[in-house]
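Peer 1: Dumping the structure here so I can ask a few things about it.
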Amino acid sequence: MKNYNFKKYNKKIYNKWIYYKYFNSNYNKDKKSYSLLLPPPNITGDLHIGHILNFTILDIYARIKRMKGYNVCWIPGTDHASIATVIKVLKELRKNGINVNNISKKQLKTFLFNWSIKYNKIIIDQLKSIGCSCDWDKFQFTLDKKNYNSVIKVFIYLYKKGLIYKKDRIINWDIVAKTTISDEEVIYKKQINYLYYIKYFTEDKKNFLVIATTRPETIFGDTAICINPKDKRYINFINKKVLVPIVNRLIPIITDKSVNINIGTGCLKITPAHSKKDFKIYKKNKKKIKIINIFNDDGTLNVNYKHYKGEDRFIVRKKIYKKLKKLGYLIKKEKIINKIGYSERSNTIIENKLSLQWYLKMKRFIKPTLKIIKRIKIFPKKKYINLFYKWIKNLKDWNISRQLIWGHKIPIYYYKKNVIIATSYKNAIKEIKKKYKKKIKKYDLKRDNNVLDTWFSSWILPIAVLNGINKKNNLFFNYYYPINLLVTGYDILFFWVLRMIMFSSFYIKKEPFKNIYFTGIARDNNKKKLSKSLGNYKNLYYLLNKYGADGVRIGILNNNYENDFIFNENLCLKGRNFINKIWNSFKVINKIKNLKTKYNKIKIEYRLIIKWFENLLNYNLYKLNFLLKNYKIYKSLIFIQKFFKNKFCSIYLEVIKHNKNYINNIIKKKTLDFYYILLKILHPYIPFITEYIWNIFKTKNNNNITISSLPKIKFFNKKIIKKFNYTFTFIKKLKKINLLKKNKKIFIYIKKNNFYKFRKDIYIPLLYKLSYIKEIRIKKKIINKSKYLFFCYKQHKFFLLKKYILLNKKIDNPKYIYKKINFYKNYLLNINNKLKNKKFILLAPKDVIMLEKKKKKDIEMKIFNLKKSLLN
């Protein structure tokens, strides 16, 4: 095969893993446990880049721990995502020409259920396609029976603790999904709007107040005008009444200190049913004013003003504007730019609306959370730990009810004026019989028609996924809890991560996770978040068919994803190229493996290069272990790639493969051993190709790399590595000069006092082997310097006879050197200006600042060396 055929082999490899149950997890007291939580993707469509990034990182750790002998538990699952799924299904129905208004609740439920079956299958297939090593026997869906029971039990537990209550409040209403949404699900967008200046005449029609509003259509819900008691302009209007335009309804003029004198006209129209601020003022003046709700659930006007009944709010706005103008109530219409709230899910303008909802008291969760959060390791810590504390300090009671048919139904039943809490109708009837000593039937009860917020089922996940709610303190739960690792995007830090910590700290007084790693957000070229709702991401199947799972994994991981990053498809191409590099190395290794060799003496240069690679390999295993322990996943991948390409392929293999006649049993064995170790450390990142190659070699231990043991770190000598690095850098220096005549062995001259120091720093036999140098000759004195090309390496001076080199005019020309010095000086000036910039130092990540400082040092060294070359 020219290249690895991922289309042919990936599925077979994965099915083999599943067949042998390598990913299954069960209680085993003789093994150390390691658990991971897969953030359940919403069943709203395919997986996108953000999902693949997080799941690949989780898979890397699952595979590493499995290869270290841990009993790994990684339970997969999906989320029913109530509001998001409902919106997706409604869109799909409209797309297929089905009138949503003509569908019954039962029919819609059927559509939703069929959708969930379809996308559960797709998501499972995609998770398997990218190589996620999950325990598929324990797959969970947030609406399955076990999870449903867990959610209901938690609701009842919190209700009985007195933490759940029902109250009328102004909420954010999504007119498409026809449900309330949280403040955090509202996205504010700047856009052009209009401010309408409207006259409100007094009762005697002799005077008027001017009200500036962006929403003239809400005048039908006006029940008062409010002014600041300190506003001298309106002292004579206090306690009087005005007429609402068009409606001609008398409303009182009230006062409140919260009214800003400097905003608008200083007069505020009070529409308590459709404004949070107005509702607060209403609560202080309940005896004076009333509430009028003017909107239906779909954003049309209701029966409270019959002329516009059933018309859309924005159509009514245009009509009201024309009528106000016609009747002489409108003074002017002023263009402004303001922020307007949109539903994150349906992308429609939200409507503030007074509604009776269920709430969870959050203050009781603060103290236990502050204690527990200190036990959790957060990566990157400095970036996100303060966000946790900020959210905790600003906690409000959580609106947990949603007006949907898709989700966990609130377990509240009503019998006449009595409220019954029970897990089912059957248990509710038993409760009534016990409490009121009455026999009733199912139709005598009315169940609460709300479902729970999706995040309510998600915040119990670390405990529920291990069945710790239905069966408290079960063996499986105690063995795997707390969960060792969670990897997720920072955008759901409050929605999900913080809430999971809060619930666990309150419910079982334990941390849900030992480690949390936050990734940045994957964005498109316009810096917009890649999401299913926007549809601005490449289909995963397209990427997998083009680049293969290993190529996609490497491509996605080749980003500094601790920050937001722009995903580019070219990264997957680079990933595929790296896979091709591994395949080509396999071909070379396979030839070496099949060579007929004898136990001969090893030449010194081969002994040296084996010695170097053995030490370097162990040193790199140590370094890799350190990077992974500190969750530097991006750096760990770059580190492995560079090591494999630059050290193993470009140096070690190049030396070995070009001298096949000298390969004996020892070199062959060592080369194969090195390659097996490299396959093992690459396997967690690129599981498919490494498994395929491993199976071809059929090593002594087993036929599957996924359950093999990771190599242990052995002793390494840093001095040997350092000396080799000097040797290779020196050879690189010679190649960089690019003056050596090809296929000609030459002499290099060095002064006597420099030679002995040079011999300590460089492996001279290796130098002869890997470069065009035949011999290093010692000279007491260099006479007639014009015959030589001088160059420096470390503290050593070298001279090459010009007759052995191809002269490059640029190298010898001082004008060229001065030009280079000036170029680097300008570059250095830019770096210094950047480092002097206080804003840059304050806002830039530490890695970026360190990189700039390193650049500065490198440029200074280049200038120094160029100046030095002019003196000689």
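Peer 1: Strictly greater than 16 Å: what percent of every Cα pair in region 814-871 meets that? Each step should come with its number before you reach the end.
Peer 2: On the way: 773 of 1653 pairs.
The calculated P(r) of region 814-871 puts 47 percent of pairs beyond 16 Å.
Peer 1: Just to confirm the filter: which trypsin sites (Lys or Arg not before Pro) across region 494-546 are DSSP coil and have at most 15 other Cβ within 10 angstrom of their Cβ? Don't jump to the answer; show the numbers that get you there.
Peer 2: Details: sites: R499, K509, K510, K514, R523, K527, K528, K529, K532, K538, K546; in loops: K509, K510, K527, K528, K532, K538.
In loop regions of region 494-546 (DSSP not H, G, I, E or B), the sparsely surrounded trypsin sites (Lys or Arg not before Pro) are K509, K510, K527, K528.
Peer 1: For K838, give me every one of the aspartates and glutamates with a C-alpha distance below 18 angstrom, ignoring sequence neighbours fewer than eight places off in its own chain.
Peer 2: Within reach: D847, E852.
Peer 1: Given the pairs K88/K446; K416/K442; K629/K714; K629/K719, which span a C-alpha to C-alpha distance of over 21 angstrom in this model? Write out the running numbers ahead of the final one.
Peer 2: On the way: K88/K446 30 Å; K416/K442 13 Å; K629/K714 18 Å; K629/K719 25 Å.
From the list (K88/K446; K416/K442; K629/K714; K629/K719), the Cα-Cα distance tops 21 Å for K88/K446; K629/K719.
Peer 1: Now for a different question. Just to verify a number: FRET efficiency for L835 and K718, C-beta to C-beta distance, R0 = 25 Å, to 0.05?
Peer 2: On the way: r = 31 Å, r/R0 = 1.26.
The value I calculate is 0.20.
Peer 1: Next up: Given 0.36 nm per residue, what is the gain on full extension from K367 to V186 after removing their alpha carbon distance, in nm?
Peer 2: Values: separation 181, 0.36 × 181 = 65.16 nm, distance 2.81 nm.
Stretched fully, the K367-V186 segment lengthens by 62.4 nm.
Peer 1: Restricting everything to alpha-carbon atoms, can you work out Rg to Rh for region 234-356 with a Kirkwood hydrodynamic radius? Please list the in-between numbers first.
Peer 2: Values: Rg = 15.8 Å, Rh = 16.6 Å.
My calculation puts Rg/Rh at 0.95.
Peer 1: Return the long-range amide H neighbours of G520 (sequence gap of 5 or more, or a different chain), with a cut-off of under 5 Å between placed amide H atoms.
Peer 2: E562, N563
Peer 1: Additional query: Compute the semi-axes of the equivalent ellipsoid of region 71-144, taking the square root of 5 times each eigenvalue of the Cα gyration tensor, and list them largest first in whole Å. The partial results should precede the final answer.
Peer 2: Values: eigenvalues 185, 31, 14 Å².
The answer is 30, 12, 8 Å, longest axis first.
Peer 1: Which entries of K7/K106; K31/K374; K160/K381 show an alpha-carbon separation above 32 angstrom in the structure shown? Mind dumping the intermediate values first?
Peer 2: Values: K7/K106 42 Å; K31/K374 28 Å; K160/K381 37 Å.
Violating the 32 Å limit, Cα to Cα: K7/K106; K160/K381.
Peer 1: Of S355, I254, L540, which is farthest on the positive side of the dipole of the chain, counting Cα position, with +1 on Lys and Arg Cβ, -1 on Asp and Glu Cβ, and the Cα centre as origin?
Peer 2: L540
Peer 1: Okay, next question. For region 1-31, which chymotrypsin sites (Phe, Trp or Tyr not before Pro) pass both filters: DSSP loop (anything but H, G, I, E, B) and at most 11 other C-beta atoms within 10 Å?
Peer 2: On the way: sites: Y4, F6, Y9, Y14, W17, Y19, Y20, Y22, F23, Y27; in loops: Y4, Y20, Y22, F23, Y27.
When the chymotrypsin sites (Phe, Trp or Tyr not before Pro) of region 1-31 are filtered for loop state and at most 11 Cβ neighbours within 10 Å, nothing remains.
Peer 1: Taking Cα Rg over 2.2 N^0.38 Å as the quantity of interest, determine which of (i) 0.92; (ii) 1.25; (iii) 1.01 was computed from the displayed structure.
Peer 2: Recomputing Cα Rg over 2.2 N^0.38 Å here gives the entry labelled (ii).
Peer 1: On a 28 Å Cα-Cα criterion, which of the cross-link pairs K280/K510; K645/K668; K276/K383 come out too long?
Peer 2: Values: K280/K510 38 Å; K645/K668 20 Å; K276/K383 33 Å.
From the list (K280/K510; K645/K668; K276/K383), the Cα-Cα distance tops 28 Å for K280/K510; K276/K383.
Peer 1: Could you give the angle, 0 to 90 degrees to the nearest 10, between helix 313-327's Cα long axis and the longest principal axis of the Cα atoms of the chain?
Peer 2: So the helix axis and the longest Cα principal axis differ by about 50 degrees.
Peer 1: Can you compute the FRET efficiency between K106 and V848 using 1/(1 + (r/R0)^6), with r the Cβ-Cβ distance and R0 = 41 Å? Round to the nearest 0.05.
Peer 2: Values: r = 57 Å, r/R0 = 1.38.
For R0 = 41 Å, the calculated efficiency reads 0.10.
Peer 1: Ignoring any ligand, DNA or RNA, what whole percent of the accessible area of the chain comes from carbon and sulfur when the probe is 1.4 angstrom? Each step should come with its number before you reach the end.
Peer 2: Details: 23470 of 44940 Å².
Looking at the chain in its full context, I get 52 percent from C and S.
Peer 1: With every protein chain present, what is the per residue accessible area of region 192-343 (1.4 Å probe, Å²)?
Peer 2: Numbers: 8130 Å² over 152 residues.
Ligands and nucleic acids excluded, the figure is 53 Å² per residue.
Peer 1: Something else about it: Can you list residues whose amide H is under 5 Å from K353's amide H, if they're 5+ apart or on another chain and H is modeled 1.01 Å from N?
Peer 2: I171, W173
Peer 1: Could you name the aspartates and glutamates whose alpha carbon sits less than 17 Å from that of K189, not counting residues in the same chain fewer than 8 places away?
Peer 2: Once the sequence-local aspartates and glutamates are set aside, what remains near K189 is D174, E344, E351.
Peer 1: Just want to confirm a number: the relative contact order over the chain, from Cα pairs under 8 angstrom separated by 6+ residues, in percent. Kindly include the intermediate steps, with their values, before the conclusion.
Peer 2: Details: 1343 pairs, mean separation 110.0, N = 872.
Averaging sequence separation for qualifying contacts and normalising by length gives 13 percent for the chain.
Peer 1: Nearest 10 degrees is fine. How inclined is helix 752-761 to the longest principal axis of the chain, computing both from alpha carbons?
Peer 2: On a 0 to 90 degree scale, this one is about 50.
Peer 1: Given the Cα-Cα distance of N24 and K166 and 0.36 nm per residue of separation, how much length would full extension add, in nm?
Peer 2: On the way: separation 142, 0.36 × 142 = 51.12 nm, distance 4.36 nm.
Computed gain between N24 and K166 is 46.8 nm.
Peer 1: On to the next question. Report, to the nearest 10°, how far helix 604-629 tilts away from the longest principal axis of the Cα atoms in the chain, using its own Cα long axis and a range of 0 to 90°.
Peer 2: Between the helix axis and the principal axis of the chain, the angle is about 10 degrees.
Peer 1: For region 580-713, what D do you get in µm² per second when you plug the Kirkwood radius from alpha-carbon pairs into Stokes-Einstein at 4 °C and 1.567 mPa s?
Peer 2: Working: Rh = 15.5 Å.
In µm²/s, the coefficient rounds to 84.
Peer 1: Residues of region 494-563: accessible area per residue at 1.4 Å, in Å²? It would help to have the intermediate numbers written out before the result.
Peer 2: Working: 2350 Å² over 70 residues.
Heavy-atom SASA per residue in region 494-563 reads 34 Å².
Peer 1: I would also like to ask the following. Roughly what would the spin-label model give for K819 and K145, points 7 Å off Cα along C-beta, in nm?
Peer 2: 8.1
The values are calculated or read from the model by the stated rules, or taken from the named source; none is laboratory data. Keep in mind the model is a prediction, meaning the values are calculated, not measured. With ideal geometry, Cβ positions are generated from the backbone for all residues, glycine too; neighbour counts draw on all protein chains shown. In case anyone asks, the SASA skips ligands and DNA or RNA and just uses the protein heavy atoms, side chains included. Shrake-Rupley method; radii C 1.70, N 1.55, O 1.52, S 1.80 Å.
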